[in-house]
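Report on the structure given below.
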Amino acid sequence: MNIILLGPPGAGKGTQAHRLVTERGMVQLSTGDMLRAARTSGTEMGKQVSAVMDRGDLVTDEIVIGLIAEQMDIHPAGCGFIFDGFPRTLAQADALGGLLESKGQSLDAVIEMKVDDEALVSRITGRFTCSECGAVYHDVTKKPTTDGECDNCGSRGLTRRPDDNEDSLRTRLMNYYRDTSPLIGYYYAKGQLKRIDGLGEIDEVAARVNGALGE
Ligand code: AP5
């Protein structure tokens, strides 16, 4: 099963993707995580995208489509991809369709996670992440059991993202409404869109994701 998690910054895409990886053994393909990894390892591309990401602007279609194509080649066919934060433009959506088709695969569902803008601000400004395994936490709604230590892998490398501030978030939201929200109509017209309420406890949202996937 291949799915897209679609929604604005802070909608909970990464949180739900991690759960699907753990519970179903699917493979999460997050372009945000890939770009952050390129920054951390100091590649030429990582340097090129660094300021763009900090501002909250979109990286070029060419770069992110290349990253996704590379990862789809690495993982075995049929493992089940969760596209998290990709596609974000109509050009990326067309490219994804072509990549899946070239591998004889298809898209099973696009889950749009709806969360109002006020909630997004508090989610983003309270977020921190494990730099080892990518587990996502929040100052109020999802604290690690032991302060400063990742529940998942035990690492003490819990960090905050440089783009998780109100200025970048405003830009990210603007980009979402301008460039990414047209994908809602695009996938609706293809009969692949499932809409869920992304507000509520993480487990409640997880149950809605499962419902959208037909379980
Ligand atoms: P990316 O990393 O994709 O960021 P994003 O889309 O802005 O999404 P986030 O990771 O911020 O939010 P999320 O929905 O995953 O929420 P999360 O689960 O963490 O992209 C970063 C940048 O990279 C972009 O700005 C761009 O520059 C570039 N980029 C990436 N992909 C690109 C592409 N395809 N094209 C071009 N450029 C691209 O949850 C957020 C917080 O809320 C957490 O603290 C979590 O614990 C909490 N939370 C989650 N669910 C709930 C809940 N139900 N109730 C309460 N709290 C919750």
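Only the coordinates and a few stated rules stand behind these numbers; no lab work does. Everything quoted here is computed from the prediction, not taken from an experiment.
What to note about this one:
- The stretch 96-176: C-alpha pair distances exceeding 19 Å, %: 56
- Subtracting the Cα-Cα distance of S106 and T60 from their residue separation scaled by 0.36 nm leaves 14.1 nm.
- Kirkwood Rh in Å, taken over all unlike Cα pairs in the chain: 17.6
- Reciprocal of mean inverse Cα separation for the stretch 23-142 (Kirkwood radius, Å): 16.1
- Length added when fully stretched, A77-T125, from 0.36 nm per residue minus Cα-Cα: 13.6 nm
- Residue-wise HN-Hα couplings along the stretch 8-18, as the Karplus relation 6.51 cos²θ - 1.76 cosθ + 1.60 with θ = phi - 60° gives them from phi, are x, x, x, 5, x, 4, x, 4, 6, 5, 4 Hz; Gly and Pro carry x.
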